[in-house]
Amino acid sequence: MCRPGKLEGVDVKAVMVYLDRCYGCLTCSLACAAAHSASGTITGAMRERVPGRILVEAAGKQPVPILCRHCDDAPCVNACMIGAMQQDPVTGLVSNEGHTQACAGCWMCIMACPYGAIVQAPRGERMALKCDGCRGRETPACVMACPNGALAYVEVDDFAGERRLKLAFCLAEDMTRDSRAYGG
Amino acid sequence: MGKKRYVIIGNGAAAIRAAETLRALDESGCITMVSREQGPAYSRCMLPAFLAGEKNEDDLRIRAGDFYEKHGIKTLFGSRAVDVDAGRRCVVLEGGSRVDYDSLLIATGSSTAFPAIKGLEGPGLFGLRDLSDARKILDVAGRGRRAVILGAGLVGLEAAVALARRGMEVTVVEKMPHLLPRQLDPAAAEILRRDLDGVGLRMIMGTGVQEAAAPESSGAGAVWDLLLDNGEHLRAEMVIAATGIRPNVDPVLGTGMRINRGITVDGRMRTSIPEIYAAGDVAETRDVITGVRMLTPTWLHASLQGMIAAWNMAGRPRLYPEPVGIQNVVQLHRVPVLALGVSNPQDASCEVIAIHRPAENLYRKLVLKDGALVGAILAGDIRMAGILAALMRRKADVSGFKDLILSGDFHCGYLARTG
Ligand SMILES: Cc1cc2nc3c(=O)[nH]c(=O)nc-3n(C[C@H](O)[C@H](O)[C@H](O)COP(=O)(O)OP(=O)(O)OC[C@H]3O[C@@H](n4cnc5c(N)ncnc54)[C@H](O)[C@@H]3O)c2cc1C
């Protein structure tokens, strides 16, 4: 499916989750926190109390990493009443940071995200936090850190093929286009 | 065929989303936006923050400064559309000039519906919809010390908190017995009321205004006198009406278009007249939960509808994904509160389950019908709201895990399947 503005010949990549390889070690979440902390380290992130933007939740015995799918026509983008949540037309990344408009912490995106992948900043700060795709990094910190290969950074086109084989997650499929899925 | 001419009446949430989507789908089409207001698109939702002095006018903009130029959009701002000639396919502006269209979007939003109260007319009476309203309110706020807000709905409470933050003495008068009567129930409203104790508002619930006496003049010292149903008199330099809205259907009244409360649209945002679409506060859509046509006067619905309208206008058929019609979230002070769908069911066949821990400002209420979620109220902890809305929309049978949802430990991982 085309995204308006998507450039021909530019590879768009996304994080793919292989549930059967996830043991719930939380390394991804810690690495994410580190990547978004001032110090850049896990201990620093803990000291600064920076939360991870990839969550690992237990569904019965199965740990499930929960992270933003960077959907096209993302509900959070439509919900954002200040225009802070935008999708980059080239990379496809959806983020509420780095734009002219600053996040106002109205929580509309939290209400809109069918994956529960957006959280409130800690300590009452009026700011919504979500995966920003680790802009500026070749590979997102969570993918780099995962010791079991449960997270992979793959091109979306490959991904679509993969998804057909291992379709997993369907809560929001008819709401968004091209929402990146989970595989098992 | 030459370049397609798209005309959008409006420059708000729905209009902007439509314009940028049109440009993405049709590189060469001519896009014209007509708005009665001057200046670039801004967020009405942020007007309370502007009133409170936390944001300036530039901060309210929803797109970068070069938006119109970058997207090649012709703007006719400061011009009001007064009529649409559907036969000749043109929009008539105040002053008589005409703008031809091949495809037209009505995204005119809504206006304050002032309550019919005897004597409620005169200087110092405002609604809060437009930047111009907010500027006028600030002007009087500079001279006066007291404000009365009519209505404890979302706009009323946001205005009240904003003016209190400026140091005004604010009284909220609400006919219904609790705050946010359309969204909350008494338990959630009580948590919100206690949260607002930290702001310092006076709230008079369960009482209406019987009669109003406007100030004689508009200058300094002009004071309103409101007589309440309970006999009390309230005196204030300004009165803000926040008791309801009215969709701005005026420009299409002469077209014979099907209008109920708002303009009725189909799943592709088409009105009853060919090549005319409507989106946002002015449009009426079908609610996925109740099946009833309703206004959905919120930002989320307006932008989604604008986007869907644009796809169809550009000749790329696409259906409105029918999100839950009522979706509100607000954090006025410390505690976020959120309401989805049918949060106060009248239907006795609905099952209601709730967790209520007022000491922790926590409330979670789920409304189920035939095993599916149809409504919810969350106070204090709003983490999984989006998943609830998605489950509601899909009419998923949640009877097997409703207690897990109620506990607050539910997350989308439970819905992931492998294989
Ligand atoms: C104080 C306040 C707080 C709010 N807070 C929230 C919130 O927290 N969350 C939420 O979801 N929603 C909130 N809303 C509602 C939200 O702002 C609206 O639902 C949304 O703006 C609707 O978008 P729209 O595009 O339909 O209309 P609008 O944004 O109202 O835009 C309408 C446009 O049409 C133009 N126009 C109207 N008539 C004409 C005419 N005849 N000719 C030419 N131009 C015309 C106007 O100038 C304007 O540009 C709030 C609203 C207010 C007023």
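The values are calculated or read from the model by the stated rules, or taken from the named source; none is laboratory data. Being a predicted model, the structure only gives us computed values, none of them experimental. Cβ atoms come from the backbone with ideal geometry, glycine included; neighbour counts cover every protein chain shown.
Quick check: is even one residue across the range A:83-99 on the phi < 0 side of the Ramachandran plot, within 16 Å of the ligand (Cβ to nearest atom) and over 14 Å from the mean Cα position of the chain (by Cα)? Yes, the range A:83-99 contains a residue that is on the phi < 0 side of the Ramachandran plot, within 16 Å of the ligand (Cβ to nearest atom) and over 14 Å from the mean Cα position of the chain (by Cα). Checked against (1) within 30 Å of B:His333 (Cβ to Cβ); (2) more than 14 Å from the ligand (Cβ to nearest atom), B:Ile62 meets all criteria but (2).
Scanning the range B:168-189 for residues that are over 23 Å from the mean Cα position of the chain (by Cα) and either of a type in the set (D, E, K, R) or modelled with pLDDT under 95 (or both) turns up just one, B:Glu169. Pairing each residue of the range B:141-166 that is more than 10 Å from the ligand (Cβ to nearest atom) with any residue that is basic (Lys, Arg) and in a strand (DSSP E or B), provided the two are 6+ apart or on different chains, yields C-beta distances under 8 Å for B:Arg146/B:Arg235. Listed by position, the strands (runs of 3 or more DSSP E) inside the range B:317-419 whose residues that are within 14 Å of another protein chain (Cβ to nearest Cβ) and within 30 Å of A:Asp73 (Cα to Cα) number at least 1 are B:327-331, B:336-341, B:372-379. When each of B:Glu94, B:Glu37, B:Glu57 is tested for being in contact with an Asp or Glu (Cβ under 7 Å, 6 or more places away or on another chain), charged (D, E, K, R) and over 23 Å from B:Trp311 (Cα atoms), the lone residue that passes is B:Glu37. Does B:Ile73 fit the bill of being surrounded by 19 or more Cβ atoms within 10 Å (Cβ to Cβ) and either outside the structural domain of B:Thr255 (by TED's automatic domain parsing) or in contact with a Lys or Arg (Cβ under 8 Å, 6 or more places away or on another chain) (or both)? So B:Ile73 passes the test. Could you tell me whether any residue of the range B:342-351 is of a type in the set (S, T, N, Q) and exposed (fewer than 14 other Cβ atoms within 10 Å of the Cβ)? Yes, the conditions are met somewhere in the range B:342-351. If you go through the range B:286-305 and keep only what is away from the ligand (no atom under 16 Å from the Cβ) and out of contact with any Asp or Glu (no Cβ under 6 Å at 6 or more places or on another chain), you end up with B:Arg286, B:Ile289, B:Thr290, B:Gly291, B:Val292.
Might you let me know whether the range B:306-325 holds any residue that is farther than 30 Å from B:Leu196 by Cα, within 11 Å of the ligand (Cβ to nearest atom) and in contact with a Ser or Thr (Cβ under 7 Å, 6 or more places away or on another chain)? No, because not a single residue in the range B:306-325 is farther than 30 Å from B:Leu196 by Cα, within 11 Å of the ligand (Cβ to nearest atom) and in contact with a Ser or Thr (Cβ under 7 Å, 6 or more places away or on another chain).
Residues of the range B:326-340 that are touching a strand residue (DSSP E or B) at 6+ places or on another chain (Cβ under 9 Å) and either assigned by TED's automatic domain parsing to the domain that holds B:Pro181 or within 15 Å of the ligand (Cβ to nearest atom) (or both): B:Ile326, B:Gln327, B:Asn328, B:Val329, B:Val330, B:Gln331, B:Pro336, B:Val337, B:Leu338, B:Ala339, B:Leu340. State all residues of the range B:21-37 that are within 14 Å of chain A (Cβ to nearest Cβ) and assigned to a strand (DSSP E or B); if no residue qualifies, say none. Passing the criteria: only B:Ile31. If you go through the range A:100-137 and keep only what is within 12 Å of another protein chain (Cβ to nearest Cβ), of a type in the set (Lys, Arg) and farther than 14 Å from A:Gly52 by Cα, you end up with A:Arg123, A:Arg126. Restricted to the range B:38-54, and to residues there that are in a loop (DSSP other than H, G, I, E, B) and either within 8 Å of the ligand (Cβ to nearest atom) or facing chain A (nearest Cβ under 8 Å) (or both), the residue that is nearest to B:Asn11 (Cα to Cα) is B:Ala41. Residues that are within 20 Å of B:Arg246 (Cα to Cα), at pLDDT 95 or above and surrounded by 16 or more Cβ atoms within 10 Å (Cβ to Cβ): does the range B:139-148 have at least one? Scanning the range B:139-148 turns up no residue that is within 20 Å of B:Arg246 (Cα to Cα), at pLDDT 95 or above and surrounded by 16 or more Cβ atoms within 10 Å (Cβ to Cβ). At least 2 residues being touching a helix residue (DSSP H, G or I) at 6+ places or on another chain (Cβ under 8 Å) and at pLDDT below 95 is the threshold, and among the strands (runs of 3 or more DSSP E) wholly inside the range B:224-306 not one reaches it.
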